[in-house]
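J.: Quick one: the structure is below, and I'll ask about it shortly.
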Amino acid sequence: MKGKTLHLEFSKGLELLSLCSALSGLAGLEGVRLRSERTKMGFSAKRLVLGKGPRPRRGWLQALRDLEVEGLTGEEKVLASIFAACFEALGRPRVFVAPVPVPIGSLEFRPLPEEIVSLPIRGQPDALLPDEPALLLLKAVGAEPARCVEGVVTEASVGMGKEEALCRALLLEPLKEEQEGDVVAVIEAVVDDMPPEFIPVALEGLLRAGAVDAFVRQLLGKKGRPAFEFVALCPPDKASNVEAAMLQETTTIGLRRTYAPRRTLRREEIAVRTRFGPVRVKTSLLPDGSVRVKPEFEDCLKLSRRAGVSPSEVWIEALRAAERLRQR
């Protein structure tokens, strides 16, 4: 189980019974009874069945003591001990929690029931007050806020609690090395009332705010009007800054944020000498081991104007200079 993570989503805030039901579905603890129930939304979820006067098992209690959670009694203690035993059985994975569904980044599913893969857990996070025992348990296992789901989902389970509160638990293993990359936040907004003269200014503002790339798509809006869609890619920790810039620099009244895996080539920038002057050249290592070379067009344009020649002439000489440099 080394390297695995546990991702938890809650439809109505943190709720202990749904949490334990979902984990029990993953861990398959001996002595735990699960009943399959149909939700109002039409899909199946598991609910723990606790008899009258439930008593925690010795092994479960030891797992609970290892988490150093005290002060629980009755049914709460039984559920807490089941949670601790499940956590132990799953190999004490790193835990990430999302009160509501978070965007999916680098995520692959092993063959799983379709209703679990596409389960639309939706609800109001504040519909139920967070269970204090659930908060204590998640803090005890070092749970962290989820920002983006990454990994290969090997197992999944949906648990039901009070008032149809749902918890979806995904057990993930790391992506293979050749699949690894970084994850970017994708910030998007559509406008149909923005003068085109202001578009370049807005793009510059997005880049200044931390976007690694920003561009505009032209499309047709819902009322048949020509519209522009602003798209900015940025590191997740810069998303708030880029969102503020998009709201400030464009006429949009709202935007959306998703997360996406990004694969990039290993690249570097070198400077080559030409008879027209120095030119920056970008080199990229392709998957087959070959190298792609691209002179910086702005440098070629500047030097061509100074020398009274075409940009392509400077471009070609920069390519040849870069090739000579690589062959040394």
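J.: Give the residues of region 285-316 that are in contact with a strand residue (DSSP E or B) (Cβ under 8 Å, 6 or more places away or on another chain) and closer than 25 Å to residue 265 by Cβ, sorted by residue number.
T.: Once the filter is applied, which keeps residues that are in contact with a strand residue (DSSP E or B) (Cβ under 8 Å, 6 or more places away or on another chain) and closer than 25 Å to residue 265 by Cβ, region 285-316 yields 285, 286, 291, 292, 293, 294, 295, 296, 299, 300, 314, 315.
J.: Now, a different point. Among 270, 316, which is the only one that is surrounded by 14 or more Cβ atoms within 10 Å (Cβ to Cβ), outside any helix (DSSP H, G or I) and on the phi < 0 side of the Ramachandran plot?
T.: 270
J.: Only one of these is surrounded by 12 or more Cβ atoms within 10 Å (Cβ to Cβ), over 30 Å from residue 306 (Cβ atoms) and at pLDDT 95 or above: 231, 191. Name it.
T.: Exactly one residue qualifies, and that residue is 231.
J.: Quick one: residue 321 ticks every box in (1) assigned to a helix (DSSP H, G or I); (2) free of Cβ contacts under 8 Å to residues at least 40 places away in the same chain bar one, so which box is it?
T.: Residue 321 satisfies all of (1) assigned to a helix (DSSP H, G or I); (2) free of Cβ contacts under 8 Å to residues at least 40 places away in the same chain except (2).
J.: For residue 77, work out the one condition from (1) farther than 24 Å from residue 171 by Cα; (2) modelled with pLDDT of 80 or more; (3) surrounded by fewer than 19 Cβ atoms within 10 Å (Cβ to Cβ) it doesn't fulfil.
T.: All conditions are met except number (3).
J.: Output the number of residues of region 249-267 satisfying the condition of being out of contact with any Asp or Glu (no Cβ under 8 Å at 6 or more places or on another chain) and surrounded by 11 or more Cβ atoms within 10 Å (Cβ to Cβ).
T.: Selection size over region 249-267: 8.
J.: Here's another thing I want to ask about it. For residue 262, which of the numbered conditions (1) in contact with a helix residue (DSSP H, G or I) (Cβ under 9 Å, 6 or more places away or on another chain); (2) closer than 30 Å to residue 318 by Cβ; (3) charged (D, E, K, R) fails to hold?
T.: Failing condition for residue 262: (1).
J.: For the list (1) at pLDDT 50 or above; (2) of a type in the set (A, V, I, L, M); (3) farther than 16 Å from residue 158 by Cβ, I need the number of the one condition that residue 100 fails.
T.: Evaluating residue 100 over (1) at pLDDT 50 or above; (2) of a type in the set (A, V, I, L, M); (3) farther than 16 Å from residue 158 by Cβ leaves (3) as the failure.
The values are calculated or read from the model by the stated rules, or taken from the named source; none is laboratory data. Fair warning: this is a prediction, and the values are worked out from it, not measured in the lab. We place every Cβ from the backbone using ideal geometry, glycine too, and count neighbours over all the protein chains shown.
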